[in-house]
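Only one structure is covered here, and it is reproduced in the block below.
Every number in this text was worked out from the coordinates using simple rules, so none of it is lab data. Quantities reported herein were computed from a predicted structural model and do not represent experimental measurements. Reconstructed Cβ throughout: ideal geometry from the backbone, glycine too, with neighbour counts over all protein chains shown.
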Amino acid sequence: MLPQARGRSVAPRALRAVTEWMFTHVGLHRIDLEHSTLNEASCRVAVKAQYVVEGTKLSSVLHADGWHDMHLHARLNNEFDDHASRFS
C-alpha cells in the first residue's frame, strides 16, 4: 500500500473482495496466505480479512537478508458459517 492509503483498511477490504471472488467464481474450498513473521502489517491485514493464523513455518522462505519464518493463515469457503466455533 502506498503511504497515503495505509491505516484506512484498503488492504483488508481488497483481500476480502478477492477472497470472496475466488470462493464464489473460482469455486475454491481453501485459500492459504503466508507472510514473513517480521511483517506485522501483513499479519494485521490477514487477520482483518478473517484469515486464521494456523502456525509458523520455520526458515521457510529465503529473502535478501536471509531465511525468514513465515506465518501461515487460511480461510475456508463459508468458514465462519460452518466452522466458527472452532476459532472462537
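Can you name every residue in the stretch 1-41 that is over 15 Å from residue 73 (Cα atoms) and either loosely packed, with under 11 Cβ neighbours inside 10 Å or aromatic (Phe, Trp, Tyr) (or both)?
Passing the criteria: 2, 3, 4, 7, 8, 21, 23, 24, 25, 26, 27.
Can you name the residue in the stretch 10-42 that is under 12 Å from the mean Cα position of the chain (by Cα) and small (Gly, Ala, Ser) and is also nearest to residue 70 (Cα to Cα) among such residues?
Checked the stretch 10-42; the qualifying residue nearest to residue 70 (Cα to Cα) is 36.
In the stretch 42-73, what residues are farther than 27 Å from residue 8 by Cα and surrounded by 14 or more Cβ atoms within 10 Å (Cβ to Cβ)?
Residues satisfying the conditions are 57, 60, 68.
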